[in-house]
Ligand SMILES: [Zn+2]
């Protein structure tokens, strides 16, 4: 079954709060499914890079698994780049961008255009777009994020078993965000990394423009090749099963401390 079919069937059968937050360049619905209710609220987004569509399958597994008794909610956006994923599945296995050749994860207004790998023309990856949020998919994601006002966002990418969390934040955000990243590393066994030379990402924008903690989680071992196949889904799910519930618990704990 194609990733698009899997996601849209899951969405159709999902009995909780759900909706369409926008449409892709080619008119496909951008869907979300909410598990749990209230705060803290984590927004988790997947498959922004087309060839990393194994993360969409991870979203469905995590959403079906629930919050493991934790309070709050997770808003799952399982497929933020459906056109790109379709292109990838239908003959362009190394494709990362949307169908117009804009790399969504360098299209956000966070030091846009300053990344060392940025490209100025459309293609499979790294094209920053004509202007920030020029792509329908990134514009819809930014608008939805502002509307939902998450306490934290987590972006799932592939690959390398690494977690990124830093984007020039100052104290006290620096310590707060590092602590959450350390929890994420503990849950998954992935390694924390501080990148140099990246800009314009969704995580970067959440940190800089919204002032909230934001993680990029790179699932899948580095020895796997793109696109990571379904045979690795169980292993990846195993590593990421407790991640979002643990982050909810940490965020709830931080609230209590603020009140005290
Ligand atoms: Zn990626």
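Put a dot 7 Å past the Cα of residue 149, heading toward its Cβ, do the same for residue 223, and the two dots end up 4.8 nm apart. For the pair residue 92 and residue 111, the difference between a 0.36 nm per residue extended length and the Cα-Cα distance amounts to 3.9 nm.
Using C-alpha pairs below 8 Å separated by at least 6 residues, the relative contact order for the chain is 22 percent. Between 145, 34, 17, the GNM of the chain built on Cα springs shorter than 10 angstrom shows 17 fluctuating the most.
Considering only alpha-carbon pairs that sit under 8 angstrom and 6 or more positions apart, the relative contact order computed for the range 1-88 is 37 percent.
Subtracting the Cα-Cα distance of residue 25 and residue 173 from 0.36 nm times their residue separation leaves 49.8 nm of extension gain. Size of the chain: Rg and Dmax of its alpha carbons, in Å, are 16.8, 56.
Its Kirkwood hydrodynamic radius, worked out from the mean inverse distance over all distinct Cα pairs, puts the range 194-260 at 14.9 Å. Per-residue packing, averaged as other Cβ atoms within 10 Å, sorts the ranges 38-44, 155-161 into the order 155-161, 38-44, beginning with the highest. Mean silhouette area of the range 28-174, derived from the convex hull of its C-alpha atoms and averaged over all directions, reads 9.6 nm². Compute the separation of the alpha-carbon centres of the range 105-133 and the range 27-49 and state it in Å as a whole number. What the calculation gives is 23 Å, centre to centre. Comparing 236, 54, 163 in a Gaussian network model of the chain, where Cα atoms under 10 Å apart are tied by springs, the biggest mean-square fluctuation is seen for 236.
Once every DSSP H run of n ≥ 4 in the chain is given -39500 (n - 2.57) and the sum is divided by its residues, what mean residue ellipticity at 222 nm do you get, rounded to the nearest 500 deg cm²/dmol? Using -39500 (n - 2.57) per qualifying helix, the result is -10500 deg cm²/dmol. Kirkwood's formula applied to the C-alpha pairs of the range 116-194 gives a hydrodynamic radius of 15.1 angstrom. Using the alpha-carbon positions of the range 1-105, Rg (one decimal) and Dmax (whole number) come out as 13.7, 42 Å.
Maximal additional length on extending the residue 121-residue 18 stretch stands at 33.5 nm, based on 0.36 nm per residue less the C-alpha distance. Ordered by the count of other Cβ atoms within 10 Å of each Cβ, fewest first, 206, 33 give 33, 206. Kirkwood's formula applied to the C-alpha pairs of the range 146-240 gives a hydrodynamic radius of 13.9 angstrom. The relative contact order of the range 52-115, computed from alpha carbon pairs under 8 Å that lie at least 6 residues apart in sequence, is 22 percent.
The numbers here are math on the coordinates, done by the rules we state, and not lab data. Quick caveat, the model's predicted, so the values are computed rather than measured. Using ideal geometry, Cβ is built from the backbone for each residue, glycine included, and neighbour counts are taken over all protein chains shown.
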